[in-house]
Amino acid sequence: MTSVPTILLVHGFWGGAAHWSKVIVELARLGHQSIKAVELPLTSLADDAERTRKMIAQQSGPVLLVGHSYGGAVITQAGNQPNVTGLVYIAAFAPDAGESPGGITAKNPPAAAANLAPDSDGYLWVKPDKFHESFCQDLSADEGLVMGITQKAPLASTFGNEISNPAWKTKSSWYQISSEDRMIHPDNQRWMSGRLNAKKVITLKASHASLASMPVEVAALIDEAARDR
């Protein structure tokens, strides 16, 4: 591949495509002209992977998939398309076949596990008054307030959806660990990143919301992956 790929950003639970806003600005400053961000329904892994595949199919050239949090499971499931050149995991799940985000979480429950609350419709929320300390403690209180109130809750059942054919087995990968993460235990991130045979693994002293608190560093990793040959 000689052309720089389209960068397709895939968000996770408790947020939407706008969670990538600071990274998008940094990627544009680095010269990337083709950046897309998918908006997931967060209703099931199958639904989210299909939405992502449709976005991939809309691109005429190569695509680099970037997943944050649960978005890592989505790119793992959807990333086997022939025009996908690689996968970048940002404090994200990278499950193997037969694994689910929920099963991985159970290995080392995160610090903020007690701050999750289901509603009567089956959606799982981060308690809004606990969102800042749980998800983005290295952002300002105002940013945490807004993120908590505007959060996009997933159907809780999505946690149990399993990967069938993990794309990282055949695609190049990169991984960013958040050492201060309270939503995906850092030990789980180290374990997942360690089995990827990743081209590069970096650790940032960041919360789960590294894409918002350290966008320069996150964008630099994505840029490196996009320009890799």
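Quick note: the coordinates plus some simple rules give every number you see, no bench work behind them. Owing to the predicted nature of the structure, the values given are computational and were not obtained by experimental measurement. Every residue, glycine among them, receives a Cβ derived from its backbone with ideal geometry; neighbour counts consider all protein chains shown.
How many residues are over 20 Å from Leu155 (Cβ atoms) and in contact with a Phe, Trp or Tyr (Cβ under 7 Å, 6 or more places away or on another chain) if we restrict to the stretch 48-68?
0
Looking only at the stretch 103-112, which residues are in a loop (DSSP other than H, G, I, E, B) and surrounded by fewer than 18 Cβ atoms within 10 Å (Cβ to Cβ)?
Asn108, Pro109, Ala111
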